[in-house]
Structures are given as structure tokens and as C-alpha cells.
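One structure is given below, encoded as C-alpha cells.
The values are calculated or read from the model by the stated rules, or taken from the named source; none is laboratory data. Computed from a predicted structure; not experimentally measured. Neighbour counts run over all protein chains shown; Cβ positions are idealised from the backbone, glycine included.
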Amino acid sequence: MVYLVSSCLAGIRCRYDGKECAHPQVVKLVMEGKALPVCPEVLGGLAIPRDRAEIVKNSGSLRVVTEKGEDVTKEYLAGAEKAVSIAQTAGVEKAILKSKSPSCASRIIYDGSFSNKLIPGQGLTALALQERGILVLSEEDLGIEEE
């Protein structure tokens, strides 16, 4: 089985702050050729580094907005669709994505106030993958799931 994984978890410096957050199990999967690293934000055309962004819920619709108030929803949606395309082309059935990310979160996200408050929710890429039948896990799930 090939996994789709967040590039930052694979040790690639692509987070909004230009850093990585390598997870040893994810790095190992990539090194063994069992995982494809993707960064939906970069796939969507955003730079490294970039302004921090959070999902804002407004009248039932989701938008992704930076700390400076710029709406980057279009880029996040484009990156999600490209990540889905890569996953489908590679026959991916499971993804391991970065928790709390407005793209990749599988269970909790920041509330959109930039106050570090967490709420139940999913990132746009995680949602798009799940809609296509791909199981989305976070790095926090590793060790729980049998590989």
C-alpha cells in the first residue's frame, strides 16, 4: 500500500513558517517508497514561507483566511484537488496528514480567530480525500493503527 503524506511530516521544509515537523514513521515510509509526500498549500500556488491561515466558517460556507485577512480559499481548494488527483493516480487508500492544518487536519482545526483555540473540524484536503473514499489519519494516529 502507498500512503499520501504531508510533506512537512516527511521532513520537507514547506510549512507556513518555512519549517518542517518530521515524524520518524512518515520519513521511514517515504524512504521505503511506501508514501508520496504532498503539500497542498504549495500545490495550490502558495509560497514558502507564507502567512498563517485558518478556516473561517461563515453562513455555512468555509473560507481560508490569513492572519492579515487575505482570502486564500481558492489556493487551498486548488491544492486539495491536486492532492486528490495525485492520490487517485497512485491508487492511494490511506493518507497521513498534519493535524490542525487548514489543509490536512483530520479531526481538529483552529477556530479562525488566530487565538490558538481548537475546535472539531477538518482541513480542505482531508475533506476532499475523504469524499473520494480515502481514509485520512494524522501523525497523532500513528502507533494506534496497524501498518
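Here are some notes:
- Every test in (1) touching a Ser or Thr at 6+ places or on another chain (Cβ under 9 Å); (2) small (Gly, Ala, Ser); (3) at pLDDT below 95 is passed by residue 53 save one, and that test is (3).
- Filtered by the rule that a residue be under 16 Å from the mean Cα position of the chain (by Cα), under 25 Å from residue 2 (Cα atoms) and of a type in the set (A, V, I, L, M), the range 28-66 gives 35, 36, 38, 42, 43.
- Of everything in the range 1-22 that is more than 14 Å from the chain's Cα centre (by Cα) and in contact (Cβ under 8 Å) with a residue 60 or more places away in the chain, the residue that is surrounded by the most Cβ atoms within 10 Å (Cβ to Cβ) is 2.
- Qualifying residue in the range 38-49 (condition: surrounded by 21 or more Cβ atoms within 10 Å (Cβ to Cβ), acidic (Asp, Glu) and not in a strand (DSSP E or B)): yes
- Entry remark, the range 43-73: residues being without any contact (Cβ under 8 Å) to a residue 24 or more places away in the chain and basic (Lys, Arg) number 2 in total.
- Candidates 115, 85, filtered to the one that is at pLDDT 95 or above, outside any loop (DSSP other than H, G, I, E, B), surrounded by fewer than 16 Cβ atoms within 10 Å (Cβ to Cβ) and small (Gly, Ala, Ser): 85
- In the range 59-80, of all residues being of a type in the set (Lys, Arg) and within 18 Å of residue 115 (Cβ to Cβ), the one that is surrounded by the most Cβ atoms within 10 Å (Cβ to Cβ) corresponds to 63.
- Flag if residue 100 is within 16 Å of residue 39 (Cα to Cα) and either buried (at least 17 other Cβ atoms within 10 Å of the Cβ) or out of contact with any Cys (no Cβ under 7 Å at 6 or more places or on another chain) (or both): yes
- Comparison of 30, 72, 26 shows that the only residue that is under 14 Å from residue 104 (Cβ atoms) and modelled with pLDDT of 95 or more is 26.
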